[in-house]
Amino acid sequence: MTGRVVVIGDALIDEIRDEAGVREFVGGAGLNVAVGLSRLGVPASLIAMVGDDDAGEQIRAFLDEHDVDLLASPAEHGSSRAVSTRSPQGEPVYVFNEAAQNRRVAYGDAERAAIADAPMVVVSCFPFDDAQQTDMLIEATASASTPLAIDPNPRSGMLRDRAEFVRGFEKAASGALLVKVGEDDAQLLYGTPLDELRTKLGGLGVGAVLATYGAGGAAIDAGETTVSRGISDLPGRIVDTMGGGDAVLATTAALVRDRLPADAEEWDAVLSRAMDVAAATCRHEGALLRTPE
């Protein structure tokens, strides 16, 4: 296929508050992945809820700047916003506005055409605890037979029903080409170590499971093949971990969108590149994907 990779997820304004003051960045996991793909040279479209307000204008201008096509869903409560403070370890702690907590995605003719023409659909930070939204997602992607990559990316401030989220996520992930999960996801959704969740997802027929361990690196399980990598040691200090996981997903999706690697050597090359890009991203403030180059 020659179409753009389609990302379905969230788009919002990240408002960062810390000892340096208050700063705003355009963000959202779905938006970060779409922009990251574009920065890696992969044409991308984003299906997300964006309001007709000042925040929505910021989001649209940012996506235009990075050549990402926006297919905007109606936003009854305006555009989403996340206010983040920092833990002593530098991890972001989020509080979400009403719009973010009630985000929804619509699938009209334009959205369905983009999905049908896409080499891959990537889903990140999706409201899987909304059964109707989950069913709409599955129907829209299944009818187009488009390969699916999923990052559940749950946020405690947006999670309404944990058990329903797990059901929706597993329903959508069954048979997916790629699923990314992190340690926080495993604890928040399942209350189990990430290693156990990796095994469970393999049993759902996922083509490849990408597991991220923060400072502990990452691993990929693909059938009988498992590869792992520690965090990449690049020059400079880690400034901001926001966007690191999104950079890993965007890079991996960019490299496997045409086909999954055939052996451990190819998978190791994919994971190595993803970790290098994540390390570069974390050496700048904000979630914008950066490369070592």
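Read-outs throughout are calculated quantities, based only on the coordinates presented, and are distinct from any laboratory measurement. These numbers come from a predicted model, not from an experiment. Please note: Cβ atoms are built from the backbone with ideal geometry, for glycine as well, and neighbour counts cover all protein chains shown.
With springs connecting C-alpha atoms under 10 Å apart, model the chain as a Gaussian network and identify which of Thr141, Thr241, Thr225 has the largest mean-square fluctuation.
Top of the fluctuation ranking is Thr225.
Which percent, to the nearest 5, of DSSP beta bridges fully inside region 5-281 are antiparallel?
Numbers: 21 of 51 bridges.
That works out to approximately 40 percent antiparallel.
Based on the Cα gyration tensor of the chain, what are the three equivalent ellipsoid semi-axes, each the root of five times an eigenvalue, rounded to whole Å and given largest first? Please list the in-between numbers first.
Numbers: eigenvalues 122, 107, 74 Å².
After diagonalising the Cα gyration tensor, the semi-axes are 25, 23, 19 Å.
So what is Rg over Rh here for region 156-263, counting just Cα atoms and using Kirkwood for Rh?
On the way: Rg = 14.4 Å, Rh = 14.9 Å.
That ratio equals 0.97.
Report the residue, chosen from Gly21, Gly216, Gly243, that carries the largest GNM mean-square fluctuation when the chain is represented by alpha-carbon nodes joined by springs under 10 Å.
Gly21
Counting other Cβ atoms within 10 Å, keep those with at most 16, restrict to DSSP loop, and tell me which GluC sites (Glu not before Pro) in region 199-282 are left. Intermediate results must be reported in sequence, preceding the final value.
Values: sites: Glu224, Glu265, Glu266; in loops: Glu224.
Here the sparse-neighbourhood loop sites are Glu224.
For Ala20 and Glu76, what is the calculated FRET efficiency with R₀ set at 51 Å and r taken between the beta-carbons, to the nearest 0.05? Mind showing how you got there, number by number?
Values: r = 34 Å, r/R0 = 0.67.
Between Ala20 and Glu76 the formula returns 0.90.
Neighbour counts of other C-beta atoms within 10 Å: give me Phe165, Phe126 arranged from fewest to most.
Details: Phe165 22, Phe126 26.
Ascending Cβ contact count within 10 Å gives the list Phe165, Phe126.
Compute the distance from the alpha-carbon center of region 232-253 to that of region 38-53, in whole Å.
Cα centroid to Cα centroid, the span is 20 Å.
Using only alpha carbon pairs under 8 Å that are at least six residues apart, calculate the relative contact order of the chain and give it in whole percent.
Numbers: 655 pairs, mean separation 46.4, N = 293.
Answer for the chain is 16 percent.
Can you give the direction-averaged projected area of the convex hull of the alpha-carbon atoms in region 224-287, in nm²?
Details: hull surface 17.5 nm².
If I average the Cα hull's projected area over directions, I get 4.4 nm².
Given a 10 angstrom Cα cut-off, can you work out which residue in Val239, Val68, Val35 is the most mobile in a GNM of the chain?
So, out of Val239, Val68, Val35, the one fluctuating most is Val239.
Find how many whole Å separate the alpha carbon centroid of region 141-185 from the alpha carbon centroid of region 256-284.
Value for the Cα centre distance between the two parts: 21 Å.
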